[in-house]
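Participant: Mind looking over this structure? Questions follow.
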Amino acid sequence: MEHRLINAVETALGWSGAEELGKGFVRGTMDDPALVSRIMTPNRLLDIAMRRSLNRPQFRCFQKGEEVHPAIYYTDSVSPRGQSIPMVNMRSLGKLLQDGATVIMDQANVFDPTMEVACRALQWWSRERVQVNAYLTTNDAAGFPLHWDDHDVVIVQLAGEKEWEVRATSRNVPMYRDSDPNNTPSDEIIWSGIMRTGDVMHIPRGHWHQATRTGSGSGKSLHVTFGITKRTGASWLAWLGDWCREHEIFRHDLDRWHGTGGEALTAAATRLVGERSPADFLAAYEQETTLPRHVPYLDILGPLDAVVCTTHFPPRIQEDGDTVDAVASGKKLTLAAKALPALRLLLSGKPVELRRAEAVAGAEVTEVAEILVKEELCAVLTPELSSGYTDLVTNAVS
């Protein structure tokens, strides 16, 4: 799945794929001015907040370096029947922003189709889980204090400007669950400066950083942070811990009175490590990821006209003589070999209009699409979901 944002980020950072992800700090500028406003605008972010019942920590507001109590900008909307739903009070939020504040929307990909599709494309690109947070800062307002993240981030400045400082790590590859709290910032400043509209920055895990508009006067800043959580050696060992339950020796109690059976356990653990490599873990992780949320297909609502593959990672298509398998999200579908062209088209990650696809993949493409939608590897391409692809991902049949 080719996505304009990924192409622009690669060009800006001088990358040719996801191999450089996490290896070092780098920044650049995208050469596609129209792309930034297509991804997100300040008004669209506020519109999302206005139309949904959001709660902390999904939506937070900070002013003068401290979190604003939700009661100041949330109001219970009471229906004629007395049902109470917490909603953002846009008038109160507007006053905070006018005075200078930062609002944060965590996992904007859950609420906005453009963000959803961008994260899915980044997952197919990086083969890791991705979520995006949006940060809108107005006037003379501070951001978070100096901190580090336990995942790699790609930051895209979408509007206005913000001042940043990025420092080196004070502990190599720190983790959320770690043996060291890693509370002392590094004194080594790698880069400090202003991120302007269209700028892109990659901050690897563990690098200390902070951003602010303090002293910048009137104005705004909107940036999105794509958090990319890569698997680690510790993740592999945790996975092995789950697999060890298949072997009886690991299910026995540790007997402190008559010996723990340490030698036998060590030998069994060594065999387990040899049986299931880190590469096996990476492959299994992609295939075992649960299916994403999507609108279900109901024929009573109309015919199936267009679909798109919505798995978190690219499905595997395996040919086997007279049959072909589609493997994704813990499922394995076996179809006749003649379905291969349809599978390749429907599982490409690009939107597919079925009527036009029949000329390319054969008349069976609609039947295959119905199977994939039923098994939830593909989703109905609703107008809302389609808007997340428009002008960003080329249709499979163009």
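Participant: I need the full set of residues from segment 238-258 which are out of contact with any helix residue (DSSP H, G or I) (no Cβ under 9 Å at 6 or more places or on another chain) and closer than 28 Å to Trp125 by Cα, in order please.
Facilitator: Across segment 238-258, the qualifying residues are Ala238, Asp242.
Participant: Could you look through segment 369-398, keep only residues that are more than 20 Å from Pro292 (Cβ to Cβ) and of a type outside the set (D, E, K, R), and pick out the one that is most open to solvent (accessible area, probe 1.4 Å)?
Facilitator: By that ranking, first place goes to Ser398.
Participant: Sticking with this structure for a sec: Of all residues being buried (at least 17 other Cβ atoms within 10 Å of the Cβ) and of a type outside the set (Gly, Ala, Ser) in segment 328-338, which is farthest from Glu128 (Cα to Cα)? Just the residue, please.
Facilitator: Ranking the qualifying residues of segment 328-338, first place goes to Leu335.
Participant: A further question follows. Of all residues in segment 202-232, which are open to solvent by 50 Å² or more (accessible area, probe 1.4 Å) and not in a loop (DSSP other than H, G, I, E, B)?
Facilitator: Residues satisfying the conditions are Gln210, Lys220, Thr229.
The rows are residues; the columns are (1) free of Cβ contacts under 8 Å to residues at least 60 places away in the same chain; (2) under 27 Å from the mean Cα position of the chain (by Cα).
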residue	(1), (2)
Ile189	yes, no
His223	no, yes
Ile228	no, yes
Asp242	yes, yes
His247	yes, no
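Participant: Looking at segment 27-43, which of its residues are surrounded by fewer than 17 Cβ atoms within 10 Å (Cβ to Cβ) and either touching a Cys at 6+ places or on another chain (Cβ under 9 Å) or not polar (S, T, N, Q) (or both)?
Facilitator: If the condition is that a residue be surrounded by fewer than 17 Cβ atoms within 10 Å (Cβ to Cβ) and either touching a Cys at 6+ places or on another chain (Cβ under 9 Å) or not polar (S, T, N, Q) (or both), then Asp31, Asp32, Pro33, Ala34, Arg38 are the ones that fit.
Participant: Just to confirm my filter: which strands (runs of 3 or more DSSP E) fall fully inside segment 26-88 and include at least 2 residues that are free of Cβ contacts under 8 Å to residues at least 60 places away in the same chain and farther than 30 Å from Leu392 by Cβ?
Facilitator: In segment 26-88, 74-78, 84-88 are the strands (runs of 3 or more DSSP E) which contain 2 or more residues that are free of Cβ contacts under 8 Å to residues at least 60 places away in the same chain and farther than 30 Å from Leu392 by Cβ.
Participant: Taking segment 46-57 only, how many residues are farther than 20 Å from Asp140 by Cα, at pLDDT 95 or above and open to solvent by less than 70 Å² (accessible area, probe 1.4 Å)?
Facilitator: Summing the residues that are farther than 20 Å from Asp140 by Cα, at pLDDT 95 or above and open to solvent by less than 70 Å² (accessible area, probe 1.4 Å) in segment 46-57 gives 3.
Participant: Kindly indicate which of Val153, Val117 is assigned to a strand (DSSP E or B) and surrounded by 18 or more Cβ atoms within 10 Å (Cβ to Cβ).
Facilitator: Within the list Val153, Val117, the selection yields Val153.
Participant: Which members of segment 297-319 meet the condition of being under 22 Å from the mean Cα position of the chain (by Cα) and not aliphatic (A, V, I, L, M)?
Facilitator: Once the filter is applied, which keeps residues that are under 22 Å from the mean Cα position of the chain (by Cα) and not aliphatic (A, V, I, L, M), segment 297-319 yields Cys309, Thr310, Thr311, His312, Phe313, Pro314, Pro315, Arg316.
Participant: Would you tally the residues in segment 97-111 being crowded, with 21+ Cβ neighbours inside 10 Å, out of contact with any helix residue (DSSP H, G or I) (no Cβ under 6 Å at 6 or more places or on another chain) and not in a strand (DSSP E or B)?
Facilitator: Residues that pass the stated criteria total 2.
Participant: Out of the residues in segment 191-201 that are under 18 Å from Arg167 (Cα atoms) and crowded, with 18+ Cβ neighbours inside 10 Å, state the one that is farthest from the chain's Cα centre (by Cα).
Facilitator: Top of the filtered list is Met195.
Participant: Mind listing whichever residues of segment 64-88 are among the basic types (Lys, Arg) and either closer than 20 Å to Gly143 by Cβ or open to solvent by less than 70 Å² (accessible area, probe 1.4 Å) (or both)?
Facilitator: Lys64, the sole residue that qualifies.
Participant: Please work out which residue is modelled with the lowest pLDDT, limiting yourself to segment 280-322 and to residues that are among the hydroxyl-bearing types (Ser, Thr, Tyr) and surrounded by 14 or more Cβ atoms within 10 Å (Cβ to Cβ).
Facilitator: Thr289
Participant: Of all residues in segment 261-293, how many are closer than 30 Å to Cys378 by Cα, in a helix (DSSP H, G or I) and free of Cβ contacts under 8 Å to residues at least 60 places away in the same chain?
Facilitator: 9
Participant: Let me spell it out: the conditions are (1) in contact with a helix residue (DSSP H, G or I) (Cβ under 9 Å, 6 or more places away or on another chain); (2) open to solvent by 70 Å² or more (accessible area, probe 1.4 Å); (3) among the charged types (D, E, K, R), and Arg276 meets all of them except one. Which number is the exception?
Facilitator: Evaluating Arg276 over (1) in contact with a helix residue (DSSP H, G or I) (Cβ under 9 Å, 6 or more places away or on another chain); (2) open to solvent by 70 Å² or more (accessible area, probe 1.4 Å); (3) among the charged types (D, E, K, R) leaves (2) as the failure.
The values are calculated or read from the model by the stated rules, or taken from the named source; none is laboratory data. Since we're looking at a predicted model, the values are computed, not measured. Quick reminder, even Gly has a Cβ in these numbers, built from the backbone with ideal geometry, and neighbours come from all protein chains shown. These accessible areas exclude ligands, DNA and RNA; they are computed on the full protein's heavy atoms, side chains included. Shrake-Rupley method; radii C 1.70, N 1.55, O 1.52, S 1.80 Å.
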